[in-house]
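Some notes on the structure that comes next.
The values are calculated or read from the model by the stated rules, or taken from the named source; none is laboratory data. Since we're looking at a predicted model, the values are computed, not measured. Virtual Cβ from ideal backbone geometry, glycine too; neighbours counted across all protein chains shown. We work out accessible area using only protein heavy atoms, side chains counted, and drop any ligands, DNA or RNA first. Shrake-Rupley method; radii C 1.70, N 1.55, O 1.52, S 1.80 Å.
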Amino acid sequence: MARARRRRKCLKLYSEDAVYSEDDLLSRLPDDILLLILDRLPMKDALGTSMLSRSWRFLWKSMHKVDFTYRWVEETGNEVIPSVSQFFRRCRLPKIYCFRLSFRYNSCMLHRVNTWISLALKNGVEELDLNFNDLEDRRKKAMWRHPYYHFPEPLYSSSSVVKLGLAFLKLDLPARLHLKNLRELSLDRVVLPDDAIEKIATDCEKLELLSLTNCNMRGNLKITIQPRTVPIKVSILDGFMMVEPKTNLIIDCPTLGGLEFRGGMTRSNFLIKNVPAGVEARFNFDEMLYRRRVVLVTGAGLYGTQYDKNLQSLLNIFQSARHFHFCSWCIQILSVKKMMKQVMVTLGSTSLVLDTGLLKWELPGIACLLTACPNLENLAVIMVRQAMFNIRETFTRKYDFEEERFWEITSQETLPCWQKLRVLKFKSEYGDYQTWDEGMFCVRRFFTGYENGMGLLKFVHSKAANLERVIFRTNTKSITYLPSDLAIYL
């Protein structure tokens with residue numbers, strides 16, 4: 001009896017004393033619509049709807065989403081394992097679209113976890129997300145363990161799983177996979193054998209997106225993908241303090257659709273080959289901006305030359321990329337190279353996105369990238385939080401320039417070179433000017449806090465003879481101008 005009471009306490013679903021209203025219009029909606037509402041609520045709130053009325057009382061048993069992560073622990077104080085066990089005993093589960101689970105795994109849980117996963121697969125789960133650690137739970141001492149976990153055989157032959165996420169484990173794959181409908185795979189702090197990615201990409205023919213976060217932190221990360229029908233976009237996040245710096249990133253992918261780098265430029269070498277022309281390349285290394293001792297610029301040059309060399313190597317590799325996205329840190333590195341008159345490779349991009357704070361020592365890097373892309377058709381400038389790496393006074397004295405006249409002087413030195421540029425976009429994510437009344441938009445106020453943006457707008461406007469429209473966007477509004485309508489501001 002005492003044990004039964006404890007089980008009920010783990011997951012209290014409804015109150016017998018709940019007060020129900022006969023005038024409840026919401027409850028008159030069809031159950032299909034009510035279930036859509038439940039599936040969009042946090043797990044605690046979804047289960048709490050059993051107290052709303054009689055029509056809601058047992059509706060939770062038919063939910064399509066099962067989400068027991070650290071948020072459940074934080075909001076209810078109940079542990080994940082007993083809560084999941086009780087939920088599965090009491091629900092009906094006609095269909096599961098999403099199953100998320102986060103807990104600290106040990107081998108004694110193998111049978112229970114396999115049972116839950118098999119049950120979810122039996123009910124046609126489409127999104128499966130399993131985290132085998134609970135670092136977010138600050139009540140417990142953090143343990144960086146990557147346990148071996150042998151998934152039940154039905155997972156490797158599932159035809160329902162479309163999106164799969166795994167975290168904190170050593171991946172042990174069978175000889176053959178049959179995840180024929182898998183389109184997105186996310187691996188977070190997973191230890192991978194050298195041939196794991198090649199096997200996954202070969203056997204999962206519909207895989208479109210591969211996301212790797214801090215994988216193989218203590219060893220080389222190898223991504224080999226054989227020629228396939230569907231191109232794969234790969235996103236790699238290596239935390240600067242997470243990944244061992246004396247490791248390599250090795251990529252061989254002739255059908256790469258896009259490659260994104262996030263976090264820090266941590267690994268020693270980027271050994272990339274067989275990159276097809278026309279891919280998308282995104283360099284988002286902004287974590288480096290907040291490691292001020294990583295890069296130091298003095299009058300003698302840039303200290304942290306391995307980062308400069310790696311960035312130059314990546315530019316050479318992706319020289320024929322169709323789309324480029326550069327973070328503020330990359331722009332600042334290129335600014336230093338520009339001022340020291342180092343050679344910049346020509347890029348074949350038709351689309352360019354720049355994340356920049358439009359600070360003084362970013363301007364040469366922006367000019368460098370613009371002149372390196374003569375075939376531009378679309379240019380987007382995203383005005384982000386302003387931050388600079390460590391530039392000593394010895395450098396600024398030696399290479400100083402007049403900030404207010406930078407774009408005017410650059411315009412005199414640059415010939416019209418963007419005959420194909422049609423669209424220019426500015427987006428302000430953190431500026432004070434986020435909204436305006438109809439017909440009252442002011443371009444100068446849009447660049448408040450980013451005053452160098454006006455000079456950049458005038459520079460591009462004067463060099464792009466065939467520019468068709470200029471778009472100004474904030475987090476809440478957007479407005480489009482014809483180039484001729486901007487004459488009063490320029």
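Quick one: would you say Lys458 is touching a residue at least 40 places away in the same chain (Cβ under 8 Å) and open to solvent by 70 Å² or more (accessible area, probe 1.4 Å)?
Yes; evaluated as a whole, the condition is true for this residue.
Got a sec? Which of Lys95, Lys122 is out of contact with any His (no Cβ under 7 Å at 6 or more places or on another chain) and open to solvent by 20 Å² or more (accessible area, probe 1.4 Å)?
The unique qualifying residue is Lys122.
With respect to the numbered conditions (1) open to solvent by less than 20 Å² (accessible area, probe 1.4 Å); (2) among the aliphatic types (A, V, I, L, M); (3) in a loop (DSSP other than H, G, I, E, B), which one is the sole condition not fulfilled by Met288?
(3)
Restricting attention to region 1-57, which residues are closer than 21 Å to Glu79 by Cα, at pLDDT below 80 and assigned to a loop (DSSP other than H, G, I, E, B)?
Met1, Leu11, Lys12, Leu13, Tyr14, Ser15 - these are the residues of region 1-57 that are closer than 21 Å to Glu79 by Cα, at pLDDT below 80 and assigned to a loop (DSSP other than H, G, I, E, B).
Which members of region 58-75 meet the condition of being in a helix (DSSP H, G or I) and either surrounded by fewer than 18 Cβ atoms within 10 Å (Cβ to Cβ) or free of Cβ contacts under 8 Å to residues at least 40 places away in the same chain (or both)? Show your work before the answer.
Taking region 58-75 first, the residues in a helix (DSSP H, G or I) are 59-62, 70-75.
Of everything in region 58-75, those that are in a helix (DSSP H, G or I) and either surrounded by fewer than 18 Cβ atoms within 10 Å (Cβ to Cβ) or free of Cβ contacts under 8 Å to residues at least 40 places away in the same chain (or both) turn out to be Leu59, Lys61, Ser62, Tyr70, Arg71, Trp72, Glu74, Glu75.
Return the residue satisfying two criteria in turn: it lies in region 382-407 and is within 21 Å of Leu486 (Cα to Cα) and of a type outside the set (A, V, I, L, M, F, W, C), and of such residues it is surrounded by the fewest Cβ atoms within 10 Å (Cβ to Cβ). Write out each step before concluding.
To start, the set of residues in region 382-407 that are within 21 Å of Leu486 (Cα to Cα) comprises 382-383, 404-407.
Still in the list and also of a type outside the set (A, V, I, L, M, F, W, C): 404-405.
On the way: Glu404: 10, Arg405: 12.
Among those that are within 21 Å of Leu486 (Cα to Cα) and of a type outside the set (A, V, I, L, M, F, W, C), it is Glu404.
Would you mind finding the one in Leu177, Leu173 that is touching a Lys or Arg at 6+ places or on another chain (Cβ under 8 Å), hydrophobic (A, V, I, L, M, F, W, C) and surrounded by fewer than 17 Cβ atoms within 10 Å (Cβ to Cβ)?
Among Leu177, Leu173, only Leu173 is touching a Lys or Arg at 6+ places or on another chain (Cβ under 8 Å), hydrophobic (A, V, I, L, M, F, W, C) and surrounded by fewer than 17 Cβ atoms within 10 Å (Cβ to Cβ).
Yes/no per residue for (1) modelled with pLDDT under 95; (2) surrounded by 19 or more Cβ atoms within 10 Å (Cβ to Cβ); (3) among the aromatic types (Phe, Trp, Tyr); (4) part of a loop (DSSP other than H, G, I, E, B):
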| residue | (1), (2), (3), (4) |
| --- | --- |
| Arg292 | yes, no, no, yes |
| Val297 | yes, yes, no, no |
| Phe324 | no, yes, yes, no |
| Ile333 | yes, yes, no, no |
| Val336 | yes, yes, no, no |
| Gly348 | yes, no, no, yes |
| Asn375 | yes, no, no, yes |
| Ala380 | no, no, no, no |
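Given the conditions (1) more than 30 Å from Thr396 (Cα to Cα); (2) open to solvent by 10 Å² or more (accessible area, probe 1.4 Å); (3) assigned to a loop (DSSP other than H, G, I, E, B), which single one is not true for Glu260?
Against the list (1) more than 30 Å from Thr396 (Cα to Cα); (2) open to solvent by 10 Å² or more (accessible area, probe 1.4 Å); (3) assigned to a loop (DSSP other than H, G, I, E, B), Glu260 comes up short only on (3).
If you check every pair at least six apart or on different chains, which have Cβ atoms under 7 Å apart with a residue in region 153-168 that is assigned to a helix (DSSP H, G or I) first and a residue that is hydroxyl-bearing (Ser, Thr, Tyr) and open to solvent by 10 Å² or more (accessible area, probe 1.4 Å) second?
Here the result reads Pro154/Ser118, each pair linking region 153-168 to a residue that is hydroxyl-bearing (Ser, Thr, Tyr) and open to solvent by 10 Å² or more (accessible area, probe 1.4 Å).
Looking at Thr356, is it modelled with pLDDT of 95 or more and closer than 25 Å to Phe270 by Cβ?
Yes: the conditions hold for Thr356.
A quick yes/no check of all residues on (1) under 19 Å from Gln386 (Cα atoms); (2) part of a helix (DSSP H, G or I); (3) over 27 Å from the mean Cα position of the chain (by Cα):
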site: Leu421; (1), (2), (3): no, no, yes
site: Lys427; (1), (2), (3): yes, no, no
site: Gly439; (1), (2), (3): no, no, yes
site: Gly453; (1), (2), (3): yes, yes, no
site: Lys458; (1), (2), (3): no, yes, yes
site: Ala465; (1), (2), (3): no, no, yes
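For Thr213, state whether it is modelled with pLDDT of 90 or more and touching an Asp or Glu at 6+ places or on another chain (Cβ under 7 Å). First the steps, then the outcome.
Numbers: modelled with pLDDT of 90 or more: yes; touching an Asp or Glu at 6+ places or on another chain (Cβ under 7 Å): yes.
Yes; evaluated as a whole, the condition is true for this residue.
Assigned to a helix (DSSP H, G or I), polar (S, T, N, Q) and either free of Cβ contacts under 8 Å to residues at least 24 places away in the same chain or surrounded by 12 or more Cβ atoms within 10 Å (Cβ to Cβ) (or both): does that describe Thr410?
It is true that Thr410 is assigned to a helix (DSSP H, G or I), polar (S, T, N, Q) and either free of Cβ contacts under 8 Å to residues at least 24 places away in the same chain or surrounded by 12 or more Cβ atoms within 10 Å (Cβ to Cβ) (or both).
Can you name the residue in region 418-455 that is aliphatic (A, V, I, L, M) and open to solvent by less than 60 Å² (accessible area, probe 1.4 Å) and is also farthest from Thr346 (Cα to Cα) among such residues?
Selected residue: Val443.
Go through region 182-201 and count every residue that is open to solvent by 20 Å² or more (accessible area, probe 1.4 Å), more than 17 Å from Lys163 (Cα to Cα) and not in a strand (DSSP E or B).
5
Would you be able to tell me the number of residues in region 212-244 that are part of a strand (DSSP E or B), open to solvent by less than 30 Å² (accessible area, probe 1.4 Å), touching a Lys or Arg at 6+ places or on another chain (Cβ under 9 Å) and not acidic (Asp, Glu)?
Residues flagged as part of a strand (DSSP E or B), open to solvent by less than 30 Å² (accessible area, probe 1.4 Å), touching a Lys or Arg at 6+ places or on another chain (Cβ under 9 Å) and not acidic (Asp, Glu) within region 212-244 amount to 4.
Pairs please, first residue from region 362-385 and more than 18 Å from Lys420 (Cα to Cα), second anywhere and crowded, with 20+ Cβ neighbours inside 10 Å and acidic (Asp, Glu), Cβ atoms under 9 Å, 6+ apart in sequence or on different chains.
Every condition considered, the pairs that remain are Ile382/Asp355; Met383/Asp355; Val384/Asp355.
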